[in-house]
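Okay, so here's the structure we're looking at.
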Amino acid sequence: MTLDQALDAMRAHIDPKRAVESAAYHKQTREVLGVSNPVLNDLTKAWRKELSVEERVALADALWNTDIFEARIAAAKLLTQARMRPDEGAWELIKSWVPQFDSWAIADHACMAGQKRLIADPSRLDEVEEWVSAAPWPDTLWTRRAALVITLPWTKQNNPKPEEQEARERILGWVAGMTSLKHGAMQKAVAWWLRDLSKHDADRVRTFLMEHGITMKAFAVKEAGRHIGFTPEDVPAPIAGELSDEVETDMSMAPAGINDDDNTPTDTASEEE
């Protein structure tokens with residue numbers, strides 16, 4: 001499978017109307033083909049079966065470097081697999097993409113691939129921690145945001161093992177440090193991480209919001225506490241910002257999954273195992 005063959009396969013499914021709508025929705029200036037997510041899933045699933053790990057990494061790199069919207073998403077999908085050996089090349093490639101993030105749809109697909117590699121080797125959290133303080137702010141918004149999206153698996157355990165609990169608390173420390181970053185996308189990422197954790201450890205999220213909600217925007221507190229009945233009024237001091245419906249209408253808040261219509265993250269199931 002060459003780059004040209006992969007692009008030809010995607011271009012065979014171009015939908016001009018979808019391309020215009022997707023470019024507008026995702027605020028894209030790069031080329032958008034209008035290829036649906038089910039098509040990208042089918043193509044990349046076939047490519048994963050056909051190619052070795054090394055070949056997948058090489059094709060993912062080439063697809064990413066085209067800077068085509070769907071090609072970058074396909075690049076991430078090629079590397080979204082739990083069992084991958086060796087996986088060092090895939091992890092290094094995913095890391096190299098992080099400073100280039102400029103679109104949450106592309107970033108979240110890439111982070112989904114990165115989640116698999118972190119689960120495979122949690123020691124890689126040491127590298128992710130470097131993203132938390134990436135400078136200068138706000139130029140590194142997407143890099144800092146990626147540190148939260150890529151670590152979402154640590155919000156999922158109902159009965160975490162000691163090492164999982166330790167990692168969760170470590171990441172919660174990162175989240176706490178980001179609550180004072182008032183950019184809307186960063187506040188949404190903070191709320192997303194806490195909201196997902198609240199489904200599995202409600203008490204820990206309540207404690208976090210009581211301590212750090214004062215530095216969060218009101219809409220982020222509202223979203224973080226949505227499943228546990230915690231509201232901005234429960235924070236023991238006034239918080240920055242006004243209540244806003246922004247979080248309820250912006251798809252960038254949704255947990256990592258895939259919307260079949262427009263390649264956006266949704267509340268649906270995660271990518272291929």
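Suppose all protein chains stay in the model; what accessible area per residue would a 1.4 Å probe give for region 1-115, in Å²?
Working: 4880 Å² over 115 residues.
Ligands and nucleic acids excluded, the result is 42 Å² per residue.
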Just in region 1-33: which trypsin sites (Lys or Arg not before Pro) are loop by DSSP and have at most 11 other Cβ atoms within 10 Å?
27
From the helices alone, meaning DSSP H stretches of at least four residues, give me the mean residue ellipticity at 222 nm for the chain, per-run term -39500 (n - 2.57), in deg cm²/dmol to the nearest 500.
-17000 deg cm²/dmol
P(r) of region 38-79 over all Cα-Cα pairs, binned every 10 Å from zero, in whole percent:
34, 59, 7
Out of all Cα-Cα pairs in region 162-236, roughly what percent, to the nearest whole number, are more than 15 Å apart?
46 percent
Indicate the gyration tensor shape class of region 78-214 (rounded, prolate or oblate), computed on the Cα atoms with a ≥ b ≥ c the square roots of the eigenvalues: a/c under 1.5 is rounded; otherwise a/b larger than b/c is prolate and the rest oblate.
oblate
When the dipole is taken about the Cα centre of the chain, and only Lys, Arg (+1) and Asp, Glu (-1) are charged at their Cβ, what size is it in debye, to the nearest 20?
220 debye
Helix 88-97: angle to the longest alpha-carbon principal axis of the chain, degrees 0 to 90, nearest 10?
70 degrees
Over the chain, what percent of the accessible surface lies on carbon and sulfur atoms, probe 1.4 Å?
51 percent
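Which shape class, rounded, prolate or oblate, goes with region 168-212 when its Cα gyration tensor gives a ≥ b ≥ c as root eigenvalues, a/c under 1.5 marks rounded, and past that a/b bigger than b/c marks prolate?
Values: a/c = 1.79, a/b = 1.52, b/c = 1.18.
It is prolate, given that a/c is not under 1.5 and a/b is the larger ratio.
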What pairs from 27/77; 116/156; 77/199; 95/156; 161/188; 95/188 go past 25 Å between their alpha carbons?
77/199; 161/188
Once you have a ≥ b ≥ c as the square roots of the Cα gyration tensor eigenvalues for region 1-139, tell me rounded if a/c is under 1.5, and otherwise prolate or oblate according to whether a/b is larger than b/c.
oblate
Expressed as a whole-number percentage, the relative contact order of the chain with C-alpha contacts under 8 angstrom and at least six residues apart is 15 percent
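The values are calculated or read from the model by the stated rules, or taken from the named source; none is laboratory data. No experiment lies behind these values; they were computed from the predicted model shown. All Cβ positions, glycine included, derive from the backbone under ideal geometry; neighbour counts span all protein chains shown. Note: areas computed on protein heavy atoms with side chains; ligands, DNA, RNA excluded. Shrake-Rupley method; radii C 1.70, N 1.55, O 1.52, S 1.80 Å.
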